[in-house]
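For reference, the structure is listed below as structure tokens.
The values are calculated or read from the model by the stated rules, or taken from the named source; none is laboratory data. From a predicted model like this one, the values you see are computed outputs, not experimental measurements. Every residue, glycine among them, receives a Cβ derived from its backbone with ideal geometry; neighbour counts consider all protein chains shown. SASA here: full protein model, heavy atoms, side chains in, ligands and nucleic acids out. Shrake-Rupley method; radii C 1.70, N 1.55, O 1.52, S 1.80 Å.
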Amino acid sequence: MNSFRTQLRIMLHKRGFQIGFTVMMLFVAYSFVRGMYYVSLDPERGADISNLQAVDRALLNKTNESYGIPQILRFIFPFVCVLPFSFSLFIDRSTRISDIVIARSGKRRYYFSKLAAAFAGGFIIFFIPLLISTALTHIFCSSSIINVFDINFSELTAGGKEFFTMGDLMLELITFSPALGELFAALLLSVYAGACAMLALALSYFFRRFAVFIFVPVFLLCKLFELWESMIKVDCGYMYLRIDPLKYSVISSDNPYYGRPYWIPAAEIAVIIAVSAGIMLFASRRDQLQ
Amino acid sequence: MNTRNLIRLAVTLTVIFVLNLGDLVSLRRNVIDFEQSLGNDFSKIFSQLLFGFHRADTGLNVSDIAQLAFLAVPPMFFGQNISADLSISGTYYFTRQNDRTAWYVKRSLSLLVFSLIIALFTCTLNALMTSYFDVGSIPFPRIALVICSVTLCVYILVMLSNIVGIFFGSVIGLAVAVVYAAVNILLVSSPIKQVSIVFNCTFLADESYADMAVKAGVNGFIAAALFAAGLAVIRKRELGLVNAEHLF
């Protein structure tokens, strides 16, 4: 635990973490300003109370064609989640700090504290901005029950909400409490980011030169999930299964039209974590002085 | 062009091919959609021949961002071409070659050639996916302008990654290049879209030569500015004090 706390402190002072966090906060700010700007300038909506902005409109991971924020999130995700701490093992090995730390704390403790700190880095860098995004929208927008469908008159639709949600877990949560559903989506995204950061850190054990190539495995992983999904799309037509964990974390009223069993992202994240832990176990059993 | 760069080029092209594999596989389904839309809107489908956008009537739509993922690949493999060499082995290089400008110009030109190859590969791949349109009917100067613009777009991202990498290491350089690409994609739907390097890569079939030349020219201007900035940095940079690769 002591070792983990040390690694966490190192992580919070890394330049990569600070830059990645700044980038995410800038995107949150952009998403918020953009979401508000559109409403204030729409002449057809006027000042009627029924046209108040729905609470999740300016959210970072809400699907909306005219803003394009979730797509941008998908574009920068493989780079931002790796940025906080996944390079620390590589740098420690190239500057020979790892030998000293291992001599003091032991191999397994060193590697697993690194792994845990990498998970914390990937988790924090997405979870806190998403949390701030949620808080901002809840402060400045009107809250109604079924916001994600752009219907603000909750009395009209609250009775028949099963018709809209169709059993989708996230939408059920949103109709129960918007903040709860948004937190669930943010949690899913952040845990996946943490798992990706862990995988990158574990695979960086095999890299000796060119730190920048540590980006490649996670980038390819994200793209392979997309590719896998598009393969299924060909065989089954349009109504297909979601494979990519990133798409489970998007808040959209289209969600019920896809097969979205939530054990799929859970299983994928579990496999990623298991693989990275396995690599670290393998690393901790090998001789360090080679 | 040494062996390492050729391997990097091969890996880059392979990754771009894998990124496009999803579209290639789902082509069977798309063919039907295209045939239905062929009758009325043929004149507007020019851009998707070469860049792969589905909605050519608006130029670029946010739902096409998935296809822009290839923009992140060239900085990943060529983003440390100048910066890492300067940071790790700059002393070695400049004891053998006094003229830093010549070294930099040579490196930049090789990066431009790699960008051209990557742009040609991507555009050809996208053209192949829609090749049952009459590609031969498009005049060559128009195709040349599109290729030129896409090349400059890739070159700008690679050079940006290199120049930032000189100060902060190649990892931060790549992150900055990717964020710059993302910002440019967001700029496409904004009032100042003319400065977006991604917007300047999308063309319509009925666009005039003057408009196309302006788009390529803006990309060329940004590329020239980056080239000049890089030259200034390389000439002033002190060698051997700090290894920027260990800074992030």
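Applying 1/(1 + (r/R0)^6) with r as the Cβ-Cβ distance of B:I117 and A:F210 and R0 = 22 angstrom yields a FRET efficiency of 0.60. Mean partner shielding of peptide B:9-18, defined as the number of other chain Cβ atoms within 10 Å of each residue Cβ, is 1.
In the frame of its principal axes, segment B:188-236 has Cα extents of 46, 23, 12 Å, reported largest first.
Peptide B:165-172 is shielded by partner chain Cβ atoms: per residue, an average of 5 of them sit within 10 Å of its Cβ. Taking all protein chains together, A:K107, A:K14 sort by accessible area into A:K107, A:K14, largest first [probe 1.4 Å].
With a 1.4 Å probe, how much accessible area is buried between chains B and A, both sides summed, in Å² to the nearest hundred? Provide the component values of the computation, followed by the final result.
Numbers: alone 12230 and 14570 Å², together 23140 Å².
Between B and A, the summed buried area is about 3700 Å².
Computed from backbone phi with θ = phi - 60° and the Karplus coefficients 6.51, -1.76 and 1.60, the 3J(HN,Hα) list for segment A:78-88 is x, 8, 6, 5, 7, 4, x, 9, 5, 9, 5 Hz; x is used for glycine and proline. Accessible area per residue (1.4 Å probe, heavy atoms of protein chains only) ranks B:Y209, B:Y155 as B:Y209, B:Y155, with the largest value leading.
Computed 3J(HN,Hα) for segment B:221-234, one whole-Hz value per residue from the Karplus formula 6.51 cos²θ - 1.76 cosθ + 1.60 where θ = phi - 60°, is 5, 4, 5, 5, 4, 5, 4, 5, 4, x, 4, 4, 5, 5, glycine and proline marked x.
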